[in-house]
Amino acid sequence: MSAQAILVWSVAIAEFLLVLAMACAAYRVLWGPRAQDRVLALDAFYVSGMILILTFGIETGDTVYFEAALVISLLGFVGTAALAKFLMRGETIE
């Protein structure tokens, strides 16, 4: 088995598992018992989506996917921090 075939199969398996992780996180976002669980699931959802976009970039060799993953990670971090602050204090802007 060549190195190219191993890379193709491993990327395909990784993409499938990431979609499965996103489905589990979406389930927790929709039917989470508490708001904290939903925020953590949303965090897991955007991280899985970011890594899925990175695997698309590895698969195609296009650099646009890597830039999109960087933007998603920055926006996801800011969103998680804002939601955590809202849950702690009830306001996001002081």
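Rule-based calculations on the coordinates, nothing more; no lab input. Just so you know, these numbers come straight off a predicted model, no measurement behind them. Note that each Cβ is placed from the backbone with ideal geometry, even for glycine, and that neighbours are counted across all protein chains shown.
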Where does each of T60, T80 land when they are ranked from fewest to most other beta-carbon atoms within 10 angstrom?
-> T60, T80
Excluding G49 itself, calculate the net charge of residues whose Cβ lies under 14 Å from the Cβ of G49, where each Lys or Arg counts +1 and each Asp or Glu counts -1.
-> -2
How large is ³J(HN,Hα), in whole Hz, for each residue of region 49-66 in order, when computed from phi with the Karplus curve 6.51 cos²θ - 1.76 cosθ + 1.60 and θ = phi - 60°, using x for Gly and Pro?
-> x, 5, 5, 5, 5, 5, 5, 4, x, 5, 5, 8, x, 8, 7, 5, 5, 5
Any trypsin sites (Lys or Arg not before Pro) in region 22-94 that lie in a DSSP loop and have at most 14 other Cβ atoms within 10 Å would be R34
Listed with the fewest Cβ neighbours within 10 Å leading, F16, F77 appear as F16, F77
Acute angle (nearest 10 degrees) that the helix 3-31 long axis makes with the longest principal axis of the chain, alpha-carbon atoms = 20
Find out how many positive minus negative residues lie around V78, taking Lys and Arg as positive, Asp and Glu as negative, among other residues whose Cβ is under 14 Å from that of V78.
-> 0
Using θ = phi - 60° and Karplus 6.51 cos²θ - 1.76 cosθ + 1.60, couplings along region 67-84 (whole Hz; Gly, Pro as x) | 5, 5, 5, 5, 5, 4, 5, 5, 5, x, 5, 5, x, 5, 5, 5, 5, 5
Within region 3-89: Cβ-based charge dipole about Cα centre, in debye rounded to nearest 20 (Lys, Arg +1; Asp, Glu -1) = 560
Option label - log10 I(q)/I(0) by the Debye sum over Cα atoms at q = 0.11 Å⁻¹ computed here, alternatives (i) -0.50; (ii) -0.41; (iii) -0.30 = (ii)
Tell me, what is the FRET efficiency for F77 and V8 to the nearest 0.05, using R0 = 22 angstrom and their Cβ-Cβ distance as r?
-> 0.10
